[in-house]
Structures are given as C-alpha cells and as structure tokens.
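Here's the structure we're looking at; comments come further down.
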Amino acid sequence: MKKFVIFFAFSLFFSFNLIGQSSFLKIFNRFEMKFDHQIEDIFFEDLNNDNLEDILIQTKASDIKKLLIFFQRKEGFDFAPSQILNFDKNAIIFDVGNITNQYQGREIVYLTSSSLRFYYLEENLYNPESIKLIDISSIFLSPSPESPVRCQFIWDVNEDKLDDLFVSEPKNLTLFLGEENGIFKESQKIDSNPFFTTRSPFRFSLEDSETAENFSQKTITRVPVLYVGDFNGNKRKDIISIFKGEIEVFFQNEKNKFSKEPDFKINLDILTEKEKKKLLHPIFTVDAADLNNNGLIDIVVSKHEVQAMASLSKIYIHLNKKGKINVTPDQILVSESAQGNPKILDINGDNHLDLIITEAKMGLFQIIKILITRKVTFENAIYLGQGGKYPELPAAKIKSKMRFDFEKLEESEGEIAYFSGDFSGDGIKDILKKIDEKNMLAVFLGRSEARKKMFSKKASYEIKEELPMIIIIKDLNNDKISDIIFNFRMDEKKKLVLFLSK
C-alpha cells in the first residue's frame, strides 16, 4: 500500500510537470542552434527587410573575427548559421543600416582607422568582399583585441528612408547625410566631444581619455549620441548627447542642419554639498524617453551611491513641455534602498511609461550579511506613470534573489524576474521568472487594471530547461507576442536556444 501511495504521488507530480511543459510548448516553438565558436555578443536585426528579426552572433576574439548570421524564415530558424562572415581584421566598430538602395537588404557598416566600409546583401547572403564607402579619419585609432564592437552611429536623421552617419572626431561629431546609391556628403561638424568607454571600466584611466594620442589598444570610444528624436516639437529629429557630466541638446532646423553648439544643457552634478560629503563618486545613468506619450522626449537621470554606512538613490524626472525642459526637475524620487538605474517601460498597456526600481537595503549590516551568506534578496518596485508623474508608493513589488560565487562573480544564480515580455498579446506586460535552483522558466500573466493584483499568483506556463545566465526577451517574428532567447555567452557554451511564439 505504501509503495502504491509513493508511486501515485510520483505519477501525479510527473503528470503535473508534463502539463506545465506541454502548455509552455503550446505557445512556443523551441529552436536550438549549435556552432563551433563561443559567443561574444548577440544582435537582432531585420537584415533582409522581411519584417522578421534575424540573429547575428559575434564570436569571441580570435585571429579572425566572425559574424554568425541566422536568417529567420516563416517557419523559424535553422539549426546551423545561414552564413559565417569573416570580419575585416581592421574593423574597429560596426553598425547595421540602410545606407544605399542599390542592394536588397541592410548593410553591415564598419569603421577602420582610415575609412568606412560595408558588406552588402546579395542573393540572400552577404558578399564577403566589403566595399569602401568613404575615406575618413576618426577618433578610433586602431582595433582592440575585442574589436569589432557594436556601436550605434547610423540613424535616418532627416527621415528620407536612407540612413545617415555620425563619425566621432577628436573635438567634433561629423554628420554625413546619405543620398541615393550610397553617396554620402559631409553635412556639418557638431561641437560634441566623443564619449569614452570600454567593455571593462578598469582598462583605462581618466587621464587616458583626454586626448586621442593617449588611447590604449584596448580602449574603445563611443559616438556621443544618447538619443535621436523630436525634442522641440518641430517634427524633426534632434540630437541628445552626454559628455563630462552634462546632457547636451542640438536642434535640427528645416534645412536639416543642427546647431553647432548645444541649444541648452542639463548639468548632471546635482547632489547637494551635504550628499557629496556623504557619498563620493556617485554613479549616474541617463535615459531619454517619451514618458507621457506626447511625442516629445523627456529625460530621466538616475544617481546612485553605495558605501559601507550609506546608500542613496535619486531619480530626476525632466518633462518636456512643448520643446522646453526645465533644468530644475519636475519630480525627484528619493530612495535609500534603490539600486542602479530604473527600467522604463509600459507595464499596464496605458501608453504611459512606468518605472521599475530595484530595491535592496545596502547598509553595513546588510553588506556583512551578504558576504557571509553569499545571498541577496531584492524587490522590483513598479511605479505606474500617469502623464509623466509617479506616485510615492509602488503599485506592486516582485521579490527576486541572487546567490553569488565571489571567486567567479559571473556564475551567480538565483530567482530573477523579467518584465519586458508580453506573452499573451494583450498589450499588458507579463513576468518571466528564471528559477535557477529548479532549472525552471515560469510565466506569470499580467492582469488588467480592474483586478487587485497586477500579475497572476500562479504561473500560467512553466518549462524545465537548462538555463543560461542571461535571458533576452524580443518579438523576433513581429506578431506582437514576445519570444525568449537563451544567451549562453557568459556560460561559454557554443549554442543558442530560443522559444519563438506560435
């Protein structure tokens, strides 16, 4: 009898698990792609203009840098790359854009120390021989061991359906406007200095970033553009950039010219003298987004500092009022437990952007506890926006937890919630939860505003699967339902797993 009870309980558990698995696979098709190279980075682009996102995988540094290209078909993805493109060894940075109407798809454009070149699509594959676009000297002196690095320097600034180029020079940002047949003409120089960064913040000193002559081989500079969008309400795209603690805005006029110098600036040095004494070297991030859905770009500045005895975060909301932004913030959200910059997205489908703020107390006691237990518990607090204003209290808090391996920080694991997916297609964001301990992925559906709880209490879909450290949520097949990509680049595995909505 006892054996029967145990067998019945096991069978019941197994059947429930199969129900969870089968329900998950009712809404997703699973694809697994394997290859001979470790992943350096993953990018998603509609390369052949068929409204389906394709996948580009950049391989880890080697003598020959490679791009593994997976073209998406109506049925999904093949298990092997559609093409393996060997990158020019002189490539420093690259981007993808529509820079000419001579070829069928989008071009892969890259910069060397002396020229801009591109690969073009021909009969559904990229020609392995690149074409020189223009000769140019830029701030980028030579490839690093990690080159080429993806860096956005292509935008359709004047909205003529041909992309334009920003090239970063030692003291200027040079704009080249694209014309038909891949012809580019220098439009103007804009007084915006390059923004310096690398994949690792420990590879250069602040002094190294002052002059072009002091660059190390491993240093990569970025085009200083933070955002291109209509800032002043004249239906033309403007430039928002950041450099040395200031946001700079350059307006575009009716002749597609930008102001040479910034039309106005926002100083990011906004801590009080008392806070500066308490919190040294705060970290800040800047986001440009239309918070209140009025077609104009607003600014969100987040400043954060953690020390042994203190933690402070401030989120500054600068609302755009008919093309004007006050230097004084419209709202300041203050927290002693917030960590890092907020996520900005529309959670409840009302066309107003909400804030998700990660909260975890980080005083001396909490830091000691984390060091002893190697665990940290934090909450994702959801603040619903309305007209660009946010309440003092969150509408919901979702708990997550993380376990650390201090010898190998990249091998941390835990129970992490992701909020950017809509897996039912109803316009309301759902929670995707990665539960490492159970090797489980679970989906909790978002609810309408009429309900008391924002998300379902029980998971609507579950699946047991070997989990990566990083999960990406995208709508690859353009059906308004999110897909799930397992990014194994931190795990150094030579494969890609994705769940594509049916």
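The values are calculated or read from the model by the stated rules, or taken from the named source; none is laboratory data. Everything quoted here is computed from the prediction, not taken from an experiment. A quick note on method: Cβ atoms are made from the backbone with ideal geometry, for glycine too, and the neighbour counts reach across all protein chains shown. We work out accessible area using only protein heavy atoms, side chains counted, and drop any ligands, DNA or RNA first. Shrake-Rupley method; radii C 1.70, N 1.55, O 1.52, S 1.80 Å.
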remark   = Rounded to the nearest 10 Å², the 1.4 Å probe accessible area of E248 is 20
key: Cα principal axis extents for region 456-502, largest first, Å   = 33, 27, 14
inquiry  = I'd like the accessible area for R73, computed on protein heavy atoms only with a 1.4 Å probe and all protein chains in place. Round to 10 Å², please.
reply    = 90
query = Ordering F455, F251, F70 by how much accessible area each has at a 1.4 Å probe, largest first, what is the list?
reply = F251, F455, F70
query = Taking a probe of 1.4 angstrom, what is the accessible area of H352 in Å², to the nearest 10?
reply = 30
message = So for each of 424-437, 127-140 I average, over its residues, the number of other beta carbons within 10 Å; can you give me the resulting order with the highest mean first?
response = 424-437, 127-140
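Which whole-number value in Å² is the accessible area per residue of region 20-109, probe 1.4 Å?
On the way: 3840 Å² over 90 residues.
So region 20-109 comes to 43 Å² accessible per residue, rounded to a whole number.
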For G105, residues with placed amide H under 5 Å, excluding near neighbours = L121
